[in-house]
Amino acid sequence: MDTTTTKTNALMTTINQWEDKTKLKFRPQKSFYKDLGITRIRFWQIAKGEKGLSVDEARNLSSYFQISISIFF
């Protein structure tokens, strides 16, 4: 029996809500990472819950997704 667990955090929840709202798969381009000031690897480490989110990163993400920064804290 497969006992795989899914780890959900605020960023992954935000991505899922964005996908539901837009009916598009979230596939960020290089410009997305550049605008956020974050690397692709770090972004997905945060999304998977492996790393913590800095205040600047939270601010940039909340601006991009047009949500309150308090969601991330």
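Is one or more of the residues making up region 55-66 out of contact with any Lys or Arg (no Cβ under 7 Å at 6 or more places or on another chain), under 12 Å from L11 (Cβ atoms), modelled with pLDDT under 95 and not in a helix (DSSP H, G or I)? Taking every residue of region 55-66 in turn, none turns out to be out of contact with any Lys or Arg (no Cβ under 7 Å at 6 or more places or on another chain), under 12 Å from L11 (Cβ atoms), modelled with pLDDT under 95 and not in a helix (DSSP H, G or I). Take region 23-42 and flag every residue that is exposed (fewer than 14 other Cβ atoms within 10 Å of the Cβ) and among the charged types (D, E, K, R). Of everything in region 23-42, those that are exposed (fewer than 14 other Cβ atoms within 10 Å of the Cβ) and among the charged types (D, E, K, R) turn out to be K23, K25, R27, K30, K34, D35, R40.
Has region 2-18 got at least one residue that is in contact with an Asp or Glu (Cβ under 8 Å, 6 or more places away or on another chain), of a type outside the set (G, A, S), at pLDDT 90 or above and surrounded by fewer than 14 Cβ atoms within 10 Å (Cβ to Cβ)?
No; the residues of region 2-18 include none that is in contact with an Asp or Glu (Cβ under 8 Å, 6 or more places away or on another chain), of a type outside the set (G, A, S), at pLDDT 90 or above and surrounded by fewer than 14 Cβ atoms within 10 Å (Cβ to Cβ).
The values are calculated or read from the model by the stated rules, or taken from the named source; none is laboratory data. Worth saying up front: this structure is predicted, and the values here are computed from it rather than measured. Positions of Cβ are generated from backbone atoms using ideal geometry, with glycine treated the same way; all protein chains shown enter the neighbour counts.
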